[in-house]
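The values are calculated or read from the model by the stated rules, or taken from the named source; none is laboratory data. No experiment lies behind these values; they were computed from the predicted model shown. Please note: Cβ atoms are built from the backbone with ideal geometry, for glycine as well, and neighbour counts cover all protein chains shown.
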Amino acid sequence: MSERGDTSLGNLPADWRVVQLADISTKIQDGTHFSPQSTSGPFLYLTSKNVRFGRMDIEDCSWISEQEHRGIYARCDVRYGDVLLTKDGANTGNAALNTLKQEFSLLSSVAIIRTDDQSAHSPFVLQYILSSQGQQRLKDMMAGNAITRLTLEKIRAFTLPIPPTCQQRKIARILTTLDNVIAQTEALIAKYQSIKQGLMHDLFTRGVDATGKLRPPQSEAPELYKQVDLGWIPKEWEVCQLGDCVDSLIDGPFGSNLKTEHYVTEPCVRVVRLQNISDSGYDDSDPAFISHGHANFLSRHKVICGDVLIASLGDENYPPGRSATCPVKDVRRRGKDGQSENQRGIGNKAKRMCRLDCATRRPAAQSNAADLSVLRCRCR
């Protein structure tokens, strides 16, 4: 077993060091503090919006004149392989490797970290900055500031654990390989999401025939369609208001009826919160519970398996209108009465936007929950 030792960053292998970024870098600098006057030209001009979490995004970028670029680049000469770190604004802490081989200019919201190849491997430094430990420590450095900002002084003083360079390269290679797999998977998901959107449009405007096949479009078979306020729809379809085809519409508890102090640690009655409604469906990874007694008090807001949940408020991370179906499944933890959490769940309407409410809708007798997949519904 290799020897270990206590450091300011915890217990580390004996051959690891704790260093400041300034100790392993040949240059740490931010971009221009003055907005360029030109709006076109031969050189890219990148800002914090172009530095995502682990990657660069130049789909939406600006261009500036050669004269202004030369003035900016003389001070902040970004090179291939430099670490780009967002230091100002909402995206502070985002970091990526510079994968562009051509020259470009930076705004002051982004800093470059050029590591010394003899002591540090830039992909390793990037991976540590992106790690949960690195991100938390960057947030701690900004604590108490009225404006979300990392100064160059703080960036230079940022400490990190550094193993021998051979280990750095191996660690970075492993994590970069996983990043590539994640990126490929996300690209595949985006592809199928696009396919699904097109298919949804066809299914919700053309429907299927008696054999289960997609009907021909209205332009090819006009006799199968009729025109309504929503456009062309199959003749046997009807248009109705949502309120006419649901049993009930229920939102979460208001104000003091459900607050953080009402949550309990032991699994009792599940609370459905905004973070449980993801873009891909119901997310069961962050459970919260209230007591059986308080659940009885809030019985009006009970969630039943198969209900469709709608986030009626939102923010940048949790946009409103996102929806999911409360899963029709048994779960491992059960209440004292033997009912599963999903059967006894309570929809939560919290005060703050980061814990937003879920509206509930339950279809009427003849409704099909599949047709109301954007709602919180229950089939009869």
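Looking across region 153-175, just one residue is closer than 25 Å to residue 110 by Cβ, loosely packed, with under 14 Cβ neighbours inside 10 Å and not charged (D, E, K, R), and that is 157.
Listed by first and then second residue, the pairs linking a residue in region 285-309 that is farther than 24 Å from residue 246 by Cα to a residue that is small (Gly, Ala, Ser), with Cβ atoms under 7 Å apart and 6 or more places separating them unless they lie on different chains, are 292/335.
Residues in region 50-73 that are surrounded by 14 or more Cβ atoms within 10 Å (Cβ to Cβ), among the polar types (S, T, N, Q) and not in a loop (DSSP other than H, G, I, E, B): 50, 62. If we scan region 338-347, do we find a residue that is within 18 Å of residue 263 (Cα to Cα), modelled with pLDDT under 80, touching a Leu at 6+ places or on another chain (Cβ under 6 Å) and not charged (D, E, K, R)? Checked against the condition, which is being within 18 Å of residue 263 (Cα to Cα), modelled with pLDDT under 80, touching a Leu at 6+ places or on another chain (Cβ under 6 Å) and not charged (D, E, K, R), region 338-347 yields at least one hit. Scanning region 113-131 for residues that are surrounded by fewer than 16 Cβ atoms within 10 Å (Cβ to Cβ) and at pLDDT 95 or above yields 116, 131. Here is the figure for region 245-258: residues that are free of Cβ contacts under 8 Å to residues at least 12 places away in the same chain and charged (D, E, K, R) total 0. For region 181-234, the set of residues classified as among the β-branched types (Val, Ile, Thr), surrounded by 12 or more Cβ atoms within 10 Å (Cβ to Cβ) and in a strand (DSSP E or B) consists of 208, 233, listed by residue number. Just to be sure before I move on: is residue 255 out of contact with any strand residue (DSSP E or B) (no Cβ under 6 Å at 6 or more places or on another chain), at positive phi and either surrounded by 12 or more Cβ atoms within 10 Å (Cβ to Cβ) or at pLDDT 80 or above (or both) in the structure I sent? For residue 255, the condition - out of contact with any strand residue (DSSP E or B) (no Cβ under 6 Å at 6 or more places or on another chain), at positive phi and either surrounded by 12 or more Cβ atoms within 10 Å (Cβ to Cβ) or at pLDDT 80 or above (or both) - is not met. Mind checking which residues of region 5-32 are within 31 Å of the chain's Cα centre (by Cα), modelled with pLDDT under 95 and not in a strand (DSSP E or B)? Answer for region 5-32, where residues must be within 31 Å of the chain's Cα centre (by Cα), modelled with pLDDT under 95 and not in a strand (DSSP E or B): just 9. Scanning region 122-140 for residues that are touching a residue at least 40 places away in the same chain (Cβ under 8 Å) and in contact with a strand residue (DSSP E or B) (Cβ under 7 Å, 6 or more places away or on another chain) yields 122, 123, 125, 126, 129, 130. Which one of these does residue 36 not meet: (1) surrounded by 13 or more Cβ atoms within 10 Å (Cβ to Cβ); (2) out of contact with any Asp or Glu (no Cβ under 6 Å at 6 or more places or on another chain); (3) not in a helix (DSSP H, G or I)? Going through the list (1) surrounded by 13 or more Cβ atoms within 10 Å (Cβ to Cβ); (2) out of contact with any Asp or Glu (no Cβ under 6 Å at 6 or more places or on another chain); (3) not in a helix (DSSP H, G or I), residue 36 breaks only (2). Quickly run through region 137-152 and pick out the residues that are modelled with pLDDT under 95, part of a helix (DSSP H, G or I) and surrounded by fewer than 15 Cβ atoms within 10 Å (Cβ to Cβ). Once the filter is applied, which keeps residues that are modelled with pLDDT under 95, part of a helix (DSSP H, G or I) and surrounded by fewer than 15 Cβ atoms within 10 Å (Cβ to Cβ), region 137-152 yields 139, 140. Of the residues 58, 72, 28, the single one that is among the β-branched types (Val, Ile, Thr), touching a Leu at 6+ places or on another chain (Cβ under 9 Å) and under 22 Å from residue 136 (Cα atoms) is 28.
Taken together, the criteria exclude residue 47 from residues that are under 29 Å from residue 179 (Cα atoms), in contact with a helix residue (DSSP H, G or I) (Cβ under 7 Å, 6 or more places away or on another chain) and surrounded by 14 or more Cβ atoms within 10 Å (Cβ to Cβ). Taken over region 74-112, the criterion of being of a type in the set (Gly, Ala, Ser), crowded, with 20+ Cβ neighbours inside 10 Å and closer than 20 Å to residue 35 by Cβ is satisfied by 105, 109, 111.
Within region 257-284, if we keep just the residues that are assigned to a loop (DSSP other than H, G, I, E, B) and of a type in the set (S, T, N, Q), the residue that is farthest from residue 312 (Cα to Cα) turns out to be 265.
Residues that are more than 13 Å from residue 52 (Cβ to Cβ) and in contact with a strand residue (DSSP E or B) (Cβ under 8 Å, 6 or more places away or on another chain) within region 78-88 comprise 78, 79, 81, 82, 83, 87, 88, listed in sequence order.
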